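What follows is one structure encoded as structure tokens, with my remarks underneath.
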Amino acid sequence: MLTEFVMFFLNDKHKRQYLYREFSKHFVWNKQGKYWKERKTRQVIGRINGANLSEGERYYLRLLLNHVRSPTSFVDLLSKLSKLIVEKYFSYH
């Protein structure tokens, strides 16, 4: 699902505005076809699984996905995070 989440933004440039946790409010996962499709009805509460700091990579990936909008690759995820950190750092100083 995570891979398809990233591929979704590569294929549809008009919908590049969501965080991973916001995505399920607007799209639903089709298990049989293994793709995301636009949600047609009702409001839902999205959820993202928790991760403990001791879980290492899983924890940091969750952290990245909660702060970076519409990543198109893992490298893109890291570069957007770097820009976010720099902006936050310089806004305080």
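General remarks:
- Neighbour net charge for Leu81 - beta-carbon separation under 14 angstrom, K R +1, D E -1: +3
- Span-rule helices in the chain, defined as complete DSSP H runs reaching 27 Å or more along the axis (Cα) with Kyte mean at least -1.0: 74-92
- FRET efficiency, 1/(1 + (r/R0)^6) with R0 41 Å, evaluated for Gln32 and Lys88 via beta carbons: 0.50
- Projected-area mean, the chain, by convex hull of Cα positions, square nanometres: 7.6 nm²
- Taking all protein chains into account, the per residue accessible area for the chain stands at 78 Å² (1.4 Å probe).
- Within a Gaussian network of the chain (alpha carbon springs, distance under 10 Å), most fluctuating of Leu63, Leu81, Leu53: Leu53
- Close amide H pairs (under 5 Å, H built 1.01 Å from N) link Tyr35 with Asn30, residues at least 5 positions away or on another chain.
- Between Asn49 and Thr3, the distance separating the two model label sites (each 7 Å from Cα on the Cα→Cβ line) works out to 1.6 nm.
- Most mobile listed residue (Arg42, Arg62, Arg21) in the chain, GNM with C-alpha springs under 10 Å: Arg42
The values are calculated or read from the model by the stated rules, or taken from the named source; none is laboratory data. Remember, it's a predicted structure, so these values are computed and weren't measured experimentally. Reconstructed Cβ throughout: ideal geometry from the backbone, glycine too, with neighbour counts over all protein chains shown. Side chains are part of the model used for accessible areas, which takes the heavy atoms of the whole protein and leaves out ligands, DNA and RNA. Shrake-Rupley method; radii C 1.70, N 1.55, O 1.52, S 1.80 Å.
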